[in-house]
1. Please express the Cα-Cα pair-distance distribution P(r) of segment 108-185 as a list of whole percents, one per 10 Å bin, running from 0 to the bin with the greatest distance.
2. Calculate how large, on average over all directions, the projected area of the Cα convex hull of segment 159-300 is; give the answer in nm² to one decimal.
3. If contacts are Cα pairs under 8 angstrom and at least 6 residues apart, what is the relative contact order of the chain in percent?
4. Two-decimal Rg/Rh of segment 1-47 from alpha-carbon positions, Kirkwood Rh?
5. Do any cysteines of the chain lack a neighbour Cys whose Cβ is under 4.7 Å away, and which are they?
6. Using the 2.2 N^0.38 Å rule of thumb for compact globular proteins, work out how segment 60-161 stacks up: its C-alpha Rg over that value, please.
7. Largest first, how would Asp245, Asp196 line up by accessible area (1.4 Å probe)?
8. Which FRET efficiency, nearest 0.05, do Trp182 and Glu280 yield, Cβ-Cβ r, R0 25 Å?
Amino acid sequence: MDKKSNFVFLLGAGRSGTTLLYKLLSAHRDVAYLSNYLRIFPEWPLLANLQRLLNNFPNLKRNTWFDEQGNAYFNRQWLHSIVPTPSECESVYASCGIPSVPAEDYCLSPNTVNCLRERFKRILHAAGAQVLLSKRTSNNRRIPILNQIFPNAKYIHLVRDGRAVAHSLLYVKWWNDHVLYWTGKSPRQMIAEGADPLELAAQQWVEEMYSIEQGIALLQKDQVLEVRYDELLKDPCDQLQRILDFMGVTPQTDTEFWELIKSLYLSPKQESWSHDWLEEELEKVMTLQGDTLKHWGFLK
């Protein structure tokens, strides 16, 4: 493996803004990504050639990856689904034999290592980019595996206030039937057994942050860049330049990329939890998240 890293993994608890950041970075012509096409056909890395073609149509990226308000998380029209779009692509990992929730005694086989290395290399080459970026929530707990396969890879950790994450989780359609890796059950199943929905959402952030921290501890300091969600929204151009520099994307004037970023009008917003929750609801969340919020600097 070369000392220079061509592979970057985006980490962050679900609903921390990782989809937004994934799309923002992937809009740069020198950043390849795992697309919706590769999600369906994970063993066809040459489909990444479509990303190279899409680079000639920056306005198409803007109009299909983001809605009019710059939101990256929305239900696209069926016509938009034919445009190559950054995807989590668990199927790419699964097709090489990597489990979503690795057992404690999980051991990588040489075939699995070679499969994912070659798959990523071929996708990067087909896309004609400098680096390949992958965002997959399951990777929060697969850092030890990824570190074995790509020992020189870099990691971007997007951090958002756990209270905002918990509030957001309760409003996304997939949450109730999403299997929580730390329980093996979905929120719907646990609520039927008497669990509190808000407490489940609050605990999810704590568990995700713990997994990420444990994984990052195995890496060298220069392999990891921490990015704060609120700072990204406050000054997107400055933060994106910092991230691209960290990724090793060659500095160059990419007018179309920066025009796309500016067209999104990203800016900080008041977090809904601060005015939606009753005092007793906030107390529930703080009981579960308080220590972790302090650890990550959200509380004094």
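The values are calculated or read from the model by the stated rules, or taken from the named source; none is laboratory data. Note that this is a predicted model, so its numbers are computed, not measured. Every residue, glycine as well, gets a Cβ built from its backbone with ideal geometry; the counts of neighbours run over all protein chains shown. These area figures cover heavy atoms from the full protein model, side chains too; ligands, DNA and RNA do not enter into them. Shrake-Rupley method; radii C 1.70, N 1.55, O 1.52, S 1.80 Å.
1. Pair shares across the bins are 13, 36, 28, 22, 0.
2. Result: 10.9 nm².
3. Details: 415 pairs, mean separation 81.5, N = 300.
That works out to 27 percent.
4. Values: Rg = 12.6 Å, Rh = 12.6 Å.
When Rh is taken as the Kirkwood radius, the ratio is 1.00.
5. Result for the chain is Cys89, Cys107, Cys237, no neighbouring Cys Cβ within the cutoff.
6. Cα-based Rg divided by the globular estimate yields 1.24.
7. Asp245, Asp196
8. Calculated value: 0.50.
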